[in-house]
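Below is one structure, written out as structure tokens; the observations come after it.
The values are calculated or read from the model by the stated rules, or taken from the named source; none is laboratory data. This one's a predicted model, so the numbers in the text were calculated from it and none came from an experiment. A quick note on method: Cβ atoms are made from the backbone with ideal geometry, for glycine too, and the neighbour counts reach across all protein chains shown.
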Amino acid sequence: MNHPDTQPPIENRQQLIEYLASGCKPKSEWKLGTEHEKFGFTTDDLRPLPYEGPRGIRAMLQGLAGQFGWKPVLEQGNPIALLDDKGASITLEPGGQFELSGALLDNVHQTCTEVYTHLKQVKTIAEPLGIAFLGMGFQPKWQREDTQWMPKGRYRIMREYMGKRGKLGVDMMARTCTVQTNLDFGSEADMVRKFQVALALQPVATALFANSPFVDGKPCGYVSYRSHVWEDTDPDRTGMLPFVFDASMGFERYVDYMLDVPMYFVYRDGVYIDASGQSFRDFLKGALPALPGEKPAIKDWEDHLTTAFPEVRLKRYMEMRGADGGPWRKLCALPAFWAGLLYDDAVLAAAWDLVRDWSMAERLQLRADAPRLGLKAKIRDRDLQSIAVEVLEMASTGLTGRNRLSSSGENETGFLEPLFATAFSGLTPAEEKLELYHGRWNGSVDPVFAEAAY
């Protein structure tokens with residue numbers, strides 16, 4: 001079997017640390033990357049999209065490639081992703097959720113243009129096929145059994161392993177959608193501080209973006225069921241990572257965490273080899289049962305880093321993972337929120353002052369409460385609503401300081417407006433939908449497929 005990309009084998013743990021450290025960039029080179037997922041459905045019966053067929057995922061991918069010049073990525077002859085020449089990609093989550101992984105961009109104005117262009121392209125292909133896409137955090141109507149799995153080898157391995165480590169992991173794979181922002185760091189110390197602030201404040205994002213109150217067509221008792229799902233997925237690779245707040249936190253400490261996360265697979269010659277439950281530490285020694293005698297390449301380490309799912313994830317950049325999918329204005333709001341908080345030194349310091357003395361027990365409780373209670377969750381007799389307003393004001397200050405202007409001379413603070421509206425009202429998007437469900441929708445979730453479609 002060929003080593004991936006003919007890379008030399010990794011010889012020691014230090015190379016793994018150096019790989020993460022190589023993500024450090026001067027502030028002048030910091031970028032934003034935004035990813036968002038959405039549920040496809042057929043408009044006549046509201047059912048999830050199959051992969052095959054005239055109204056399926058393959059048809060969507062082929063249409064986008066044919067009409068807009070995206071380049072297909074094949075696995076076993078099946079298109080499973082698309083690439084463009086600007087660094088963006090369209091990928092598939094296990095249940096067919098359509099994901100745009102945006103290019104690395106300088107500012108949120110560019111991000112919003114990218115999102116709008118993508119949704120317009122998707123709509124151009126989807127409408128003639130009788131397909132539409134829904135922006136929510138959890139599939140509101142259909143059950144796990146109604147969702148067809150995509151033909152990607154890694155997902156088969158993950159699905160089989162998920163059932164051994166939690167009750168909701170398969171739902172996470174097949175029935176959730178998120179919006180995510182990726183950000184840079186300047187040094188190890190900068191990475192640590194951003195990681196700490198982002199982890200502590202991830203429940204604020206969860207509440208502001210909470211948009212998954214329905215399961216199997218009925219209210220489920222959560223405003224972000226998507227966020228709750230992660231609490232019962234796989235404790236080895238999810239959660240709030242208490243060690244991030246220790247004095248020992250750094251690239252080396254995160255590497256040790258990842259070395260303790262059980263593997264899923266190794267990719268060789270176009271095939272995913274099942275290594276589920278095996279140890280990357282053994283892989284470093286050439287003692288991986290799935291590939292005896294072979295040592296990993298950097299590509300194997302990159303793949304392994306994608307198999308942990310904490311609330312904030314470290315690669316050569318940082319991923320903010322706490323938000324439900326939602327309407328396109330909220331897709332632009334997430335990078336604005338996190339860039340405003342984390343890309344201004346004074347604002348980052350102020351945000352750290354806000355959260356620095358919260359105990360780990362308090363952080364974990366807030367993480368558990370936010371998916372249930374939204375902005376009504378509390379920490380130290382402060383509700384999350386008042387904290388959200390304070391944090392949004394910090395983010396607005398940070399964006400004003402960044403001074404990234406649009407062609408019409410506006411800075412990025414306008415992208416926070418839908419979040420301020422949510423924070424001031426105290427009602428999450430989920431609670432607004434619940435009011436409709438109990439009112440105008442007459443106890444049905446079907447109207448959401450029209451009213452929350454892109």
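Remarks
- Cβ-Cβ under 8 Å pairs, at least 6 apart or on other chains, segment 402-415 side crowded, with 17+ Cβ neighbours inside 10 Å, far side aromatic (F, W, Y) and modelled with pLDDT of 95 or more: R402/Y343
- Only listed residue being modelled with pLDDT of 95 or more and not in a loop (DSSP other than H, G, I, E, B), chosen from P50, P79: P79
- Subset of segment 63-80 [surrounded by fewer than 16 Cβ atoms within 10 Å (Cβ to Cβ), within 25 Å of the chain's Cα centre (by Cα) and either closer than 15 Å to H118 by Cα or among the acidic types (D, E) (or both)]: K71
- Filter result for S276 (of a type in the set (S, T, N, Q), at pLDDT 95 or above, in contact with a Lys or Arg (Cβ under 9 Å, 6 or more places away or on another chain) and farther than 22 Å from I379 by Cβ): yes
- Looking only at segment 224-281, residues that are in a helix (DSSP H, G or I) and under 23 Å from D171 (Cα atoms) come to 8 in all.
- From the list A333, A339, the one residue that fits, being closer than 23 Å to K433 by Cβ and in contact (Cβ under 8 Å) with a residue 40 or more places away in the chain, is A333.
- Scanning segment 333-344 for residues that are among the hydrophobic types (A, V, I, L, M, F, W, C) and either farther than 9 Å from L416 by Cα or over 19 Å from the mean Cα position of the chain (by Cα) (or both) returns W338, A339, L341, L342.
- Single unsatisfied condition, T233 versus (1) among the β-branched types (V, I, T); (2) farther than 25 Å from R144 by Cα; (3) modelled with pLDDT under 95: (2)
- Residues that are of a type in the set (A, V, I, L, M), more than 30 Å from D344 (Cα to Cα) and not in a helix (DSSP H, G or I), drawn from segment 397-454: V445, A452, A453
- Checking each residue in segment 179-223 for being in contact with a Gly (Cβ under 8 Å, 6 or more places away or on another chain), part of a strand (DSSP E or B) and either under 22 Å from R144 (Cβ atoms) or of a type outside the set (A, V, I, L, M, F, W, C) (or both) picks out T181, N182, S212.
- Applying a threshold of 6 Å to beta carbon distances and a minimum spacing of six or more residues, or different chains, the list of pairs starting in segment 114-138 at a residue that is in contact (Cβ under 8 Å) with a residue 24 or more places away in the chain and farther than 16 Å from R58 by Cβ and ending at one that is among the basic types (K, R) and in a helix (DSSP H, G or I) reads G137/R226; F138/R175; F138/R226.
- For the residues D269, D246, D300, the requirement of being of a type in the set (D, E, K, R) and touching a strand residue (DSSP E or B) at 6+ places or on another chain (Cβ under 9 Å) singles out D300.
- Verdict on V347 being buried (at least 23 other Cβ atoms within 10 Å of the Cβ), over 20 Å from the mean Cα position of the chain (by Cα), without any contact (Cβ under 8 Å) to a residue 60 or more places away in the chain and farther than 23 Å from D260 by Cβ: yes
- Taking residues in segment 240-258 that are within 12 Å of E188 (Cα to Cα), and partners anywhere that are basic (K, R) and assigned to a helix (DSSP H, G or I), the pairs with Cβ atoms closer than 9 Å and at least 6 places apart or on different chains are E252/R13.
- If you go through segment 404-420 and keep only what is out of contact with any Asp or Glu (no Cβ under 9 Å at 6 or more places or on another chain) and either closer than 21 Å to P371 by Cβ or of a type in the set (S, T, N, Q) (or both), you end up with S407, S408, N411, T413, P418, L419.
- Any hit, segment 199-211, residues being out of contact with any Asp or Glu (no Cβ under 7 Å at 6 or more places or on another chain), at pLDDT 95 or above, farther than 16 Å from D324 by Cβ and among the polar types (S, T, N, Q): no
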